[in-house]
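This report concerns only the one structure given below.
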Amino acid sequence: MIDIIVPIKQVPDMERVKFDTEAGRIDRSSAAGEINPFDLNALEAAVQLKEKLGGTVTTISMGPPQAETSVRDSLARGADRGILLVGKEFAGADTWATSYALASGIKKLGKYDLIVCGEKTVDGDTGQVGPEIAEWLAIPHIAYVSQIREASDSGITVLAEMESDRLVIESPLPTLLTVTKDINTPRLPSFADKMKARKATIEQWGAAELADVAELTNFGLKGSPTRLNKVVIPSEEGRKGQVFRGSPDDAAVKVADALQALGMLGSAK
Amino acid sequence: MNNADYKGLMVFAEQREGKIHPVSYELLGKGTEIAKRLGIEVSAVLLGSNMGAEVNELFYYGAQKVYYFDNPIFREFDLLNYKHNIARLVNEVKPETLLVGATHLGRSLAPRIAAAIGTGLTADCTALEVGDEGNLVQIRPAFSGNIFAHIRTTTRPQMATVRYKVMQKLPRDPKRTGEVIRKDADIVDSVLKIVEKQGTGGVNIAEADVVVCGGRGVKGAGDFALIQELADALGGVVGCTRPVVDDGWMGKEHQVGFSGNTVKPKLYVAVGVSGSPQHLAGMRDSDVILAINADPSAPIFKLADYGIVGDLYEVVPKLVAEARKRS
C-alpha cells in the first residue's frame, strides 16, 4: 500500500493563450484552463504505482475557484481525492509561497509515502515548486526522473536525467519525485470516469483551515520574497527574415553565400 | 535580519567529475561586471573532492575568493549534503546575491537552498541587471519565451538560477589570484543513494556551435542520414523535434525544445520543422537561424534569418554540396 500525493496546477492552454503586447500582460480569458501537461505525467506515474502496489492518489492544487475543474479532471484520470487551496490569502504567490502553501496542505493531509510532481509548468516554467515542497517537508527529492525502476512501500529506485548523465538513484520513503514527459504517456479518461468525477466532491481549503500547520503570513503575495517588477512581451526579434523560393540550386547557393559572409562556411572550421 | 547586513556576490561553482562546469565561469563573468558597478566582492563556493589545481581556474575567470569544501562526499552530487553545507555557508558569509547555473543539478539544488534559508529564487534567468537601488533585476522568459518577466527579490540573498550559454565569461587569465578559504563539511545523512551512473554516450547538443534539426518533414528514421550529412558538412551535430523522439527515430539527447534541450548555437538549421511554440522555446536564442520547409506559412519562417521554401529532399543535398565546395 502506498499513499501518493500529486500537486497539480491549472494553466492556460498554451496553444491558444494570447499575449497583450501593449499592456504587457497575459490574457488569461483567451484560453480555457487545463491541468499543466507535465502534471499529467506525474498523475499517471502515481496512478500506475497505486495500481501496482495498492493505496491512494490525492491531488492538491492552489488556485482561483475555477481551478476546481482541473482538480475534478484529475479524479477522472485516476485520483481518489482532490483538494483545492483557494482564497484571496493565496493570491499573488511566487514559487516560495506556492510551495509553502502546498506543503502546508500536505502536512494537513497527514500520512503520505510519496509525492510526485511534474518537472515544471508550461506557464511559469520554473521547476522550483517540487524541490521547495520537499525542503518544507524535510524529505529528500529526486528531480528529472524519466523512469521508475522499482517501487515498494518502503523505497523507490528511479532513473534521473542529469544532462549527459543518467543516474540510477534509490530513495527511502517518504520522498518526492519530479518527473519528465518521458516517464509515460498519460491515459485519457473514459466517459464513465468523467461522469463519476462530475459527481465527486472537491474539498476546498482556505488559509484558515491550515492555521494549525502553517504561518499564514507566508501565503500569497504577502509571503512572496520575489516581486514582479514588470512583464515585457517582445515583438519577434529583429531577424533578417530573408526567404528564398524558386529553384533549390539557386536557393542553396544564396544561403551558402550568406553563411560564408557570416564566417560560418569556408572559414577555418 | 537586515538586508544591509548582506554583502558581496557569490557564485555556486558546479563540478562534475572534478571538472568545473563552464556555466560557473559565465556566472563569474557576469558577477564581476555587477560587482564592479556596486563596488563589491565576487566569491565562489566549490564543493568537491581533491579538485587540485582546478580550484585556481575560478580565480582565472574572476573569483576573488573561493570557499572550498574538500570532502569525498562531494565527489558526486549529494543533494542533502550540498544543500546543508551551502545553506550554512550562506548564513555565515551573508552574500547579497547568490547565482547558480540553471543546469539540472542547479535547478534541483537551488530551490532547496532558497526554501532552507528563507529567501526568494528566480528560475532560469537570461539577463541580470542592476536596479536603481543597487538591487538585482532578474529577467527571465516565461510562457515558452512569449514574455519576459523582470523580477526583484525583497529578501537576501537575492538568488537566481541563470541559463547556460547566455552570460559572457571573462578571458581566462592565469595571472589572476585570490584567497582559498577551506571549509569543513558538516555531514548529514545522504539518504539518497546513487547506485549506477550511465553516460548517454551521445552528443551534447547544448554545447554545439552548429545544430541541424530534423522535424516531421523528414519521412523516416533512415532519412536522418541526410540530416547527418548536412550536419557533417556544416561541422555540427544533429538535433530533432519531439515527435521524432516519440516515434523512436532518434534518442532523447537529440531533442530540442521545451521538454528537451535548450540550445543556443551560432547556427541553427531547422529542416522540415514547422516551429511549434514548444520547439521555438528551445532554440529561439540561436545566433543565426536557417529554416528549410515546404510550407511557406510554417511559423519557423517568422523566426528565421534565412529561409528556403522547398522540398527538403531536394534542398538539403544541394546545400550539402555547396557547403562541401566551400570548406
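Of all residues in the range B:6-34 being assigned to a loop (DSSP other than H, G, I, E, B) and surrounded by fewer than 23 Cβ atoms within 10 Å (Cβ to Cβ), which is nearest to the chain's Cα centre (by Cα)? Reasoning before the result, please.
If we filter the range B:6-34 for residues that are assigned to a loop (DSSP other than H, G, I, E, B), which is where we start, we get B:6-8, B:14, B:17-18, B:21.
Within this subset, residues satisfying the condition of being surrounded by fewer than 23 Cβ atoms within 10 Å (Cβ to Cβ) are B:6-8, B:17-18, B:21.
Numbers: B:6: 27, B:7: 26, B:8: 23, B:17: 18, B:18: 18, B:21: 10 Å.
Looking at the filtered set, the residue picked out is B:21.
Taken residue by residue, the range B:118-130 has at least one member that is under 23 Å from the mean Cα position of the chain (by Cα), among the β-branched types (Val, Ile, Thr), surrounded by fewer than 19 Cβ atoms within 10 Å (Cβ to Cβ) and modelled with pLDDT of 95 or more.
Cβ-Cβ distances below 6 Å connect the following pairs, each with a first residue in the range B:247-261 that is within 18 Å of residue B:198 (Cα to Cα), a second residue that is part of a loop (DSSP other than H, G, I, E, B) and among the small types (Gly, Ala, Ser), and a separation of six or more residues or different chains: B:251/B:202; B:253/B:202. Quick check: anything in the range A:132-142 crowded, with 24+ Cβ neighbours inside 10 Å, in contact (Cβ under 8 Å) with a residue 40 or more places away in the chain and at the interface with chain B (Cβ under 8 Å from one of its Cβ atoms)? Yes, the range A:132-142 contains a residue that is crowded, with 24+ Cβ neighbours inside 10 Å, in contact (Cβ under 8 Å) with a residue 40 or more places away in the chain and at the interface with chain B (Cβ under 8 Å from one of its Cβ atoms).
Among what's in the range B:136-166 and is modelled with pLDDT under 95 and assigned to a loop (DSSP other than H, G, I, E, B), pick the residue that is nearest to the chain's Cα centre (by Cα). So, considering only residues that are modelled with pLDDT under 95 and assigned to a loop (DSSP other than H, G, I, E, B), the one nearest to the chain's Cα centre (by Cα) is B:164. Scanning the range A:169-219 for residues that are away from every other protein chain (no Cβ under 12 Å), in contact (Cβ under 8 Å) with a residue 24 or more places away in the chain and of a type in the set (Lys, Arg) returns A:187, A:194, A:196, A:198. Would you please name the residue that is farthest from residue A:138 (Cα to Cα), looking only at residues in the range B:105-131 that are assigned to a loop (DSSP other than H, G, I, E, B) and hydroxyl-bearing (Ser, Thr, Tyr)? For the range B:105-131, the residue satisfying everything is B:126.
Among the listed residues B:20, B:40, B:34, which satisfies the condition of being assigned by TED's automatic domain parsing to the domain that holds residue B:86, closer than 20 Å to residue B:197 by Cβ and modelled with pLDDT of 95 or more? Break it down stepwise before answering.
Values: B:40 fails: closer than 20 Å to residue B:197 by Cβ; B:34 fails: closer than 20 Å to residue B:197 by Cβ.
Criteria check complete, one pass: B:20.
The residue list B:88, B:112 contains one member that is facing another protein chain (nearest Cβ under 10 Å) and among the basic types (Lys, Arg), which is B:112.
Evaluating residue A:67 against the criteria (1) within 14 Å of chain B (Cβ to nearest Cβ); (2) under 19 Å from the mean Cα position of the chain (by Cα) leaves one unmet condition, (1).
Kindly provide the set of residues from the range B:287-304 that are buried (at least 20 other Cβ atoms within 10 Å of the Cβ) and part of a loop (DSSP other than H, G, I, E, B), ordered by number.
So in the range B:287-304, the residues buried (at least 20 other Cβ atoms within 10 Å of the Cβ) come out as B:289-293, B:298, B:300-301, B:303-304.
Result: B:298, B:304.
The values are calculated or read from the model by the stated rules, or taken from the named source; none is laboratory data. As the structure is a prediction and not an experimental result, all values here were calculated from the model. Because the Cβ atoms are built from the backbone with ideal geometry, glycine has one as well, and the counts that use them run over all protein chains shown.
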